[in-house]
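Written below as structure tokens is the structure these notes are about.
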């Protein structure tokens with residue numbers, strides 16, 4: 001939802017498809033958004049949002065804190081779209097049509113895009129040569145924001161990385177952590193709620209063994225296609241995705257991210273009763289998922305066909321550098337037991353993209369691991385330690401990326417406090433000569 | 001000249017041709033030399049020589065200091081060959097046959113090779129996981145050694161970069177510095193010597209205007225081919241190369257680098273007399289160049305045909321990332337006046353390799369500029385400032401890379417002292433808990 005103040009300008013910058021060889025000489029147009037209303041051309045900083053796995057216009061709407069701080073810091077805002085997403089497709093509609101073309105979707109190439117764009121802006125925007133740059137990002141974008149500081153310290157003075165689950169992708173976190181974190185989020189609302197979800201899988205398995213059961217499931221979930229034994233995994237994935245997303249995006253007010261999402265999407269309000277019959281429980285699961293999938297109330301039926309709207313680019317990245325092992329056992333977590341099978345994953349990636357996952361590909365320095373945002377299942381992947389100048393803020397009561405959004409009266413106090421600390425840190429970085437804050 | 005102690009083992013490591021995309025899946029064998037005679041497997045460091053623009057076996061013979069220090073530090077030595085040189089050709093004999101194949105000769109790819117090789121050794125050599133790594137390199141190899149520390153600080157504890165002319169290639173040094181530094185080297189032997197060389201160009205130009213003159217030049221320089229107006233630039237290049245190399249490699253004892261080179265190759269002993277006739281001067285130039293080109297005394301004639309033995313890989317690198325502007329005016333320097341013509345250079349690179357020079361390609365952080373080794377024409381390109389932990393040593397009396405060679409009684413005191421300081425710095429890096437040296 002673009003607000004009145006967000007009058008950014010859309011611009012494009014010519015990038016090399018391959019920054020690291022002279023073999024491929026193709027180039028493409030990277031989209032970026034630029035907002036200068038409050039910028040002090042005589043030394044005001046540049047807040048640079050490192051694009052993540054989405055359209056940059058959608059992303060910019062989630063970064064309200066940058067607009068908020070632009071006023072105080074007299075900052076220029078730049079939102080750079082990540083290559084292979086949104087309108088920044090190196091080979092337009094054919095970007096994913098061959099391994100040669102999609103193969104340039106890597107984190108190092110994306111970081112180099114950002115570095116070149118920063119150089120370009122500092123060179124060509126009058127006054128920007130004196131401006132210090134701070135990167136901003138959340139989630140995968142937060143990883144990139146932090147890596148920009150590691151890779152290009154001469155261009156980037158500091159990074160504000162929110163909920164950047166670097167450790168999830170570096171193999172330092174056990175595969176059961178993420179599902180357990182989601183389960184904990186549901187348990188914290190109601191022990192019975194997590195238990196209901198846990199027992200639902202066997203119930204649905206049993207139903208799926210008969211034609212009548214499959215018919216019931218099809219109707220209960222309002223599936224557009226008739227559910228079959230083959231499509232059962234798609235149903236389970238669809239449900240899991242809903243539980244996961246609602247745990248992540250537990251915002252205190254209505255949002256529009258991937259469609260509308262109401263404030264505090266509490267699946268548990270349908271799932272607290274341990275005495276529900278199997279059929280009632282299934283109907284309750286549908287209601288719970290509908291909070292996410294049908295907040296408008298207009299969906300006639302759901303396409304539960306395995307295509308849950310994950311971008312091809314992201315699927316490719318999880319098949320190359322960003323492998324996040326995940327396993328469930330149905331005991332410590334509320335999900336159907338499933339081992340992490342690295343070979344199966346590799347086989348699927350080979351079939352789909354012609355690549356073998358290579359999570360050890362060179363990325364900027366792996367940092368030491370700790371966790372951070374406590375109300376966000378991504379927190380085990382967070383990083384709390386770093387060089388001396390690193391400030392780590394643990395937000396006890398914040399959903400995924402909440403701190404990056406525009407301040408709101410409904411925000412928990414912990415988030416308001418985290419923003420204040422982050423802002424103070426930024427002041428210190430940007431005014432090194434006034435470093436009397438300690 | 002391999003000495004008895006240099007009983008290294010030759011090994012190969014499988015590298016990706018392209019570390020930064022998933023488009024090219026080719027791999028090749030990188031050669032490296034490994035020497036473990038003195039290595040303490042329980043924590044002894046790894047001294048890792050970052051290969052430069054030459055065969056790694058030739059390189060290893062110039063790095064005698066590493067063997068010397070291996071004893072005291074109980075270090076493992078590794079000499080890694082740079083991709084596209086020696087026996088580390090990604091596409092064997094076809095490595096330079098198309099832009100697609102040669103295009104992967106970039107500094108970032110070479111640094112990534114070294115990083116993967118370090119990871120491999122630390123993982124597979126029993127005990128090496130505890131070993132700290134220090135990179136060593138000279139000239140271009142010194143640039144790579146320093147960049148390894150910048151790019152991969154989690155793998156590389158420190159770098160010993162000798163005469164690493166980073167600033168020459170980053171556009172920070174004026175184009176006349178290198179020729180002036182060479183001139184200064186000759187002036188320091190005799191003002192008349194530099195003056196003789198300076199006046200020789202016009203004399204040769206005049207000779208080349210007549211057939212008799214060309215015949216005289218052909219005979220005086222013992223050229224295998226008859227010199228013509230067209231080949232005159234080759235003759236001048238051949239002479240300039242000789243002056244330059246002798247200024248760089250002014251070692252106090254005989255060496256074998258690119259053929260034999262006698263101690264203190266003093267071209268000036270033939271060129272001090274300002275009263276020589278033009279013909280005598282030309283004959284003296286031949287004698288001077290012969291110090292370098294015919295130290296064995298066996299050459300019947302010289303091939304002065306423009307092929308002065310520069311490796312195709314190095315030519316490619318000077319046409320892509322490592323552009324070093326050079327200009328002469330015949331006044332402050334002793335060379336034939338020649339402007340730096342960036343467009344002409346670009347045109348030649350386009351014709352020869354199908355590439356346009358791109359010296360602004362992303363390389364690791366550019367450091368601030370100062371000069372260092374004072375008896376080495378590369379010194380204006382050296383870097384003396386850096387992060388706090390940087391130790392910069394200016395060696396007043398050392399030729400190019402002399403400090404990296406095995407200690408010799410004939411070394412100037414300044415070099416012995418520089419080695420002692422460098423060694424002390426290494427001790428500090430490698431024993432951080434005993435950091436009482438300051």
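The values are calculated or read from the model by the stated rules, or taken from the named source; none is laboratory data. Computed from a prediction, not measured in an experiment: that's the story for all the values here. Cβ placement follows ideal geometry from the backbone for every residue including glycine, while neighbour counts extend to all protein chains displayed.
Does residue B:197 satisfy the criteria of being farther than 30 Å from residue B:115 by Cβ, away from every other protein chain (no Cβ under 14 Å) and buried (at least 24 other Cβ atoms within 10 Å of the Cβ)?
On the way: farther than 30 Å from residue B:115 by Cβ: yes; away from every other protein chain (no Cβ under 14 Å): yes; buried (at least 24 other Cβ atoms within 10 Å of the Cβ): yes.
Taking the combined requirement at face value, the residue satisfies it.
Residue-by-condition table, conditions (1) within 14 Å of another protein chain (Cβ to nearest Cβ); (2) modelled with pLDDT of 90 or more; (3) closer than 21 Å to residue B:179 by Cβ; (4) in contact with a strand residue (DSSP E or B) (Cβ under 8 Å, 6 or more places away or on another chain):
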| position | (1), (2), (3), (4) |
| --- | --- |
| B:353 | yes, yes, no, no |
| B:357 | yes, yes, yes, no |
| B:387 | yes, no, no, no |
| B:406 | no, no, no, no |
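If you go through the stretch B:124-153, how many residues are in a helix (DSSP H, G or I) and either more than 12 Å from every other protein chain (Cβ to nearest Cβ) or in contact with a strand residue (DSSP E or B) (Cβ under 7 Å, 6 or more places away or on another chain) (or both)? Quick ask: steps written out before the conclusion?
Restricting attention to the stretch B:124-153, the residues satisfying the condition of being in a helix (DSSP H, G or I) are B:124, B:128-130, B:140-151.
Retained after the next criterion (residues that are either more than 12 Å from every other protein chain (Cβ to nearest Cβ) or in contact with a strand residue (DSSP E or B) (Cβ under 7 Å, 6 or more places away or on another chain) (or both)): B:124, B:128-130, B:140-149.
So the answer is 14.
If you check residue B:136 against the conditions, is it at pLDDT 95 or above and buried (at least 23 other Cβ atoms within 10 Å of the Cβ)?
On the way: at pLDDT 95 or above: yes; buried (at least 23 other Cβ atoms within 10 Å of the Cβ): yes.
So residue B:136 fits the description; yes.
Looking only at the stretch A:291-307, which residues are touching a strand residue (DSSP E or B) at 6+ places or on another chain (Cβ under 7 Å) and loosely packed, with under 14 Cβ neighbours inside 10 Å? Explain how you work it out, then say what you get.
Going residue by residue through the stretch A:291-307, those that are touching a strand residue (DSSP E or B) at 6+ places or on another chain (Cβ under 7 Å) are A:292-293, A:295-296, A:301-302, A:304.
Those that are touching a strand residue (DSSP E or B) at 6+ places or on another chain (Cβ under 7 Å) and loosely packed, with under 14 Cβ neighbours inside 10 Å: A:296, A:301.
Please enumerate the residues belonging to the stretch A:333-351 that are surrounded by 13 or more Cβ atoms within 10 Å (Cβ to Cβ) and either within 13 Å of another protein chain (Cβ to nearest Cβ) or out of contact with any strand residue (DSSP E or B) (no Cβ under 6 Å at 6 or more places or on another chain) (or both). Talk me through it step by step, then tell me what you get.
Initial filter on the stretch A:333-351 (surrounded by 13 or more Cβ atoms within 10 Å (Cβ to Cβ)): A:333-336, A:338, A:340, A:342, A:345-346, A:348-350.
Result: A:333, A:334, A:336, A:340, A:342, A:345, A:346, A:348, A:349, A:350.
Just the residues that are more than 19 Å from residue A:401 (Cα to Cα) and either free of Cβ contacts under 8 Å to residues at least 24 places away in the same chain or under 26 Å from the mean Cα position of the chain (by Cα) (or both), please, taken from the stretch A:121-147. First the steps, then the outcome.
To start, the set of residues in the stretch A:121-147 that are more than 19 Å from residue A:401 (Cα to Cα) comprises A:121-133.
Matches in the stretch A:121-147: A:123, A:124, A:129, A:133.
Exactly one condition in (1) farther than 22 Å from residue B:380 by Cβ; (2) buried (at least 19 other Cβ atoms within 10 Å of the Cβ) is not met by residue B:206; state its number.
Only one criterion is unmet by residue B:206, namely (2).
Filter the stretch B:66-88 for residues that are in a loop (DSSP other than H, G, I, E, B) and in contact with a strand residue (DSSP E or B) (Cβ under 7 Å, 6 or more places away or on another chain); which is surrounded by the most Cβ atoms within 10 Å (Cβ to Cβ)?
Narrowing the stretch B:66-88 to residues in a loop (DSSP other than H, G, I, E, B): B:74-75, B:81-88.
Filter again for in contact with a strand residue (DSSP E or B) (Cβ under 7 Å, 6 or more places away or on another chain), leaving B:75, B:81, B:83, B:86-88.
On the way: B:75: 27, B:81: 31, B:83: 24, B:86: 20, B:87: 14, B:88: 24.
Checking each candidate, the answer is B:81.
Look at residue A:238 and say whether it is surrounded by 17 or more Cβ atoms within 10 Å (Cβ to Cβ), in contact with a strand residue (DSSP E or B) (Cβ under 9 Å, 6 or more places away or on another chain) and not in a loop (DSSP other than H, G, I, E, B).
Values: surrounded by 17 or more Cβ atoms within 10 Å (Cβ to Cβ): yes; in contact with a strand residue (DSSP E or B) (Cβ under 9 Å, 6 or more places away or on another chain): yes; not in a loop (DSSP other than H, G, I, E, B): yes.
So residue A:238 passes the test.
Keeping to the stretch B:99-123, report how many residues are facing another protein chain (nearest Cβ under 7 Å) and either in a helix (DSSP H, G or I) or surrounded by fewer than 23 Cβ atoms within 10 Å (Cβ to Cβ) (or both). Before the answer, list the steps.
Looking only at the stretch B:99-123, we keep the residues that are facing another protein chain (nearest Cβ under 7 Å), and these are B:99-100, B:103-104, B:106, B:108-109, B:112, B:115.
Subsequent filtering for residues that are either in a helix (DSSP H, G or I) or surrounded by fewer than 23 Cβ atoms within 10 Å (Cβ to Cβ) (or both) retains B:99-100, B:108-109, B:112, B:115.
Of the residues in that region, 6 qualify.
Residue check: is residue B:305 modelled with pLDDT of 90 or more and either farther than 30 Å from residue B:356 by Cβ or more than 14 Å from chain A (Cβ to nearest Cβ) (or both)? Spell out how you get there, then give the answer.
Details: modelled with pLDDT of 90 or more: no; either farther than 30 Å from residue B:356 by Cβ or more than 14 Å from chain A (Cβ to nearest Cβ) (or both): yes.
The answer is no for residue B:305.
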